[in-house]
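Undergrad: Structure in structure tokens, see below.
Quick note: the coordinates plus some simple rules give every number you see, no bench work behind them. The shown structure was predicted, so the numbers you read here are calculated from the model rather than taken from an experiment. FYI the Cβ positions are ideal-geometry reconstructions off the backbone, even for glycines, and counts take in every protein chain you see.
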Amino acid sequence: MKVLLELFITFAKMGVVTFGGGYAMLPILQRTVVDDKKWATEEEILDYYAIGQCTPGIIAVNTATFIGYKQKGILGGISATLGVIFPSIIIIGIISAFLKNFSDLAVVQHAFAGIRVCVGVLILNAVIKLWKGAVKGKVTAAIMFFVLIISAFTDISSVLIVIAAGIFGLFFAGKIQNKGAEKK
Amino acid sequence: MSALLLLYFEFLKIGLFAVGGGLATLPFLYDLESKYTWLTAAMIGDMVAISESTPGPMGVNMATYVGFQNSGVIGSVIATLGLITPSIIIIIIIANILVKFKESKIVKNVFYTLRPAATGLIASAGLSVIMLAIFKTNITAFTFSKFDFKCLLLFIFMIIFTWKTKFHPIVAIAISGAIGILFSF
């Protein structure tokens, strides 16, 4: 019970400080779940994101379910997920009820113009951390940059990109590692 | 009651078919708008703006907002629960399989290339957030015309701040929000 409550509260706190979708949550997850609570490793978080990308549902919710399940089974998954959505329900409820023109307020727009810059920096820092766990040599570095370019400059869906990368690994990862092609 | 049940199942469908994050739910919401009278296109526009300017994952914020328009607080709870039901079931099944096959060569091989690919996707998301914040434009339609020097300064300051200090990310977010208000970003 204590663990379930801790999962709920921890994820509720993360829900409060996530501005703008699953990717914006990543730096917060790294700090809270990996560094502070030690509930998962950098690599595991990356795996959850990859899976969350090509399964239905919102990435933040999928990641919460994964981490909760790993800690305390099905109930853990449900507690973490309810935690991450809890602040949204309260905040959006209040805004919908009392502040119909909330997003038009000048002060809100100025604050979010600043916050968006910060979220960009935080995601950049998150990528640098993930790099160490994901890029083991030349081939994996090439995959990373290839996906970055494809995803930034084309409309190819990230679902397809993740599936293609997985299939590539299924057939070639063994060869890449054996042949020593991954030397740095 | 039946209205709430309908709301739950409409969002359950969205949760089941919207693959890849909050914005992926948008086309499904436009479907709802053409089916029901309680949701209008203008409301969807407002909803995107509010979801982007409040904390919390965007998809969840959208479900909460639409549910609230439909039937108040209970509506937001029902819509959000509908949205996350498929995720919880699907992810628990996958997590269960992963735990069992964690040491298998096949799973290890798949993740060996999946991890750099996921890092690339996250880098691309970060790049588009930065482009939008500093140049107010998309990468594919890049232009210097709306370049925002104040945002570039904040960007550089935040890189130094986050690299030189060990504060929780929320401290950086709060400072950036305050700077945004103080200097009218």
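Undergrad: Taking amide hydrogens as modeled 1.01 Å from N in the peptide plane, which residues meet the under 5 Å criterion relative to A:Phe19, leaving out close sequence neighbours?
TA: B:Gly56
Undergrad: Then there is this: Rounding to the nearest 10 and keeping the result within 0 to 90°, find how far the Cα-based axis of helix A:42-54 lies from the longest principal axis of chain A.
TA: Result, in degrees: 80.
Undergrad: Of B:Lys108/B:Lys164; A:Lys70/B:Lys35; A:Lys13/B:Lys136; B:Lys13/B:Lys105; A:Lys38/B:Lys166; A:Lys38/B:Lys105, which sit over 28 Å apart, Cα to Cα? Don't jump to the answer; show the numbers that get you there.
TA: On the way: B:Lys108/B:Lys164 35 Å; A:Lys70/B:Lys35 40 Å; A:Lys13/B:Lys136 30 Å; B:Lys13/B:Lys105 35 Å; A:Lys38/B:Lys166 17 Å; A:Lys38/B:Lys105 26 Å.
Beyond 28 Å between Cα atoms: B:Lys108/B:Lys164; A:Lys70/B:Lys35; A:Lys13/B:Lys136; B:Lys13/B:Lys105.
Undergrad: Using the Cα gyration tensor of the range B:22-87, with a ≥ b ≥ c the square roots of its eigenvalues, what is the shape: rounded (a/c below 1.5), prolate (a/b larger than b/c) or oblate (neither)? Could you put the intermediate results ahead of the total?
TA: On the way: a/c = 1.27, a/b = 1.10, b/c = 1.15.
Rounded shape, in that the Cα axes give a/c under 1.5.
Undergrad: Could you please rank B:Cys151, A:Cys54, A:Cys118, placing first whichever residue has the fewest other Cβ atoms within 10 Å of its Cβ? If you can, show how the numbers build up before the last one.
TA: Numbers: B:Cys151 23, A:Cys54 18, A:Cys118 29.
Going from sparsest to densest Cβ surroundings: A:Cys54, B:Cys151, A:Cys118.
Undergrad: Using Cα centres only, tell me the gap between the range A:37-57 and the range A:120-184 in whole Å.
TA: Each part reduced to its Cα centre gives a spacing of 15 Å.
Undergrad: Using DSSP to define loop residues, name the trypsin sites (Lys or Arg not before Pro) in the range B:93-185 whose beta-carbon has at most 12 other beta-carbon atoms within 10 Å.
TA: Numbers: sites: B:Lys100, B:Lys102, B:Lys105, B:Lys108, B:Lys136, B:Lys146, B:Lys150, B:Lys164, B:Lys166; in loops: B:Lys102, B:Lys136, B:Lys146, B:Lys166.
The qualifying sites are B:Lys102, B:Lys146, B:Lys166.
Undergrad: Given contacts defined as C-alpha pairs under 8 Å and at least six residues apart, what's the relative contact order of chain B, whole-number percent? Can you show the working numbers first?
TA: Numbers: 132 pairs, mean separation 31.0, N = 185.
Relative CO of chain B lands at 17 percent.
Undergrad: Could you give the DSSP H helices of chain B that reach 15 angstrom or more along their long axis (alpha carbon positions) and whose average Kyte-Doolittle hydropathy is no lower than 0.0? Present the calculation step by step, with values, prior to reporting the outcome.
TA: Details: long enough: B:2-17 (23 Å, 1.73); B:41-52 (17 Å, 1.18); B:58-101 (44 Å, 1.58); B:105-134 (44 Å, 1.23); B:149-164 (23 Å, 1.94); B:169-182 (20 Å, 2.34).
Once both thresholds are applied, what remains is B:2-17, B:41-52, B:58-101, B:105-134, B:149-164, B:169-182.
Undergrad: Another question, if that's okay. Quick check on the exposure proxy: order B:Ser2, B:Ser76, A:Ser151, B:Ser71 from fewest to most C-beta atoms within 10 angstrom. The partial results should precede the final answer.
TA: Working: B:Ser2 6, B:Ser76 28, A:Ser151 23, B:Ser71 16.
Least to most surrounded, the residues fall as B:Ser2, B:Ser71, A:Ser151, B:Ser76.
Undergrad: Moving to a separate point now. What is the order of A:Arg31, A:Arg116, fewest Cβ neighbours within 10 Å to most? It would help to have the intermediate numbers written out before the result.
TA: On the way: A:Arg31 21, A:Arg116 25.
So the residues, fewest neighbours to most, are A:Arg31, A:Arg116.
Undergrad: Going by the alpha-carbon gyration tensor, a ≥ b ≥ c the square roots of its eigenvalues, is chain B rounded (a/c under 1.5) or, if a/c is not under 1.5, prolate (a/b greater than b/c) versus oblate? Walk me through the numbers before you get to the answer.
TA: Numbers: a/c = 2.01, a/b = 1.18, b/c = 1.70.
Cα axes put chain B in the oblate bin.
Undergrad: Compare B:Asn96, B:Asn61, B:Asn138 in a GNM of chain B, Cα atoms joined below 10 Å, and give the one with the largest fluctuation.
TA: Result for chain B, Cα springs under 10 Å: B:Asn138 fluctuates most.
Undergrad: If you take the square roots of the eigenvalues of the alpha-carbon gyration tensor of the protein assembly as shown and sort them as a ≥ b ≥ c, do you get rounded (a/c under 1.5), prolate (a/b over b/c) or oblate?
TA: Working: a/c = 1.59, a/b = 1.18, b/c = 1.34.
Oblate, since a/c reaches 1.5 and b/c is not below a/b.
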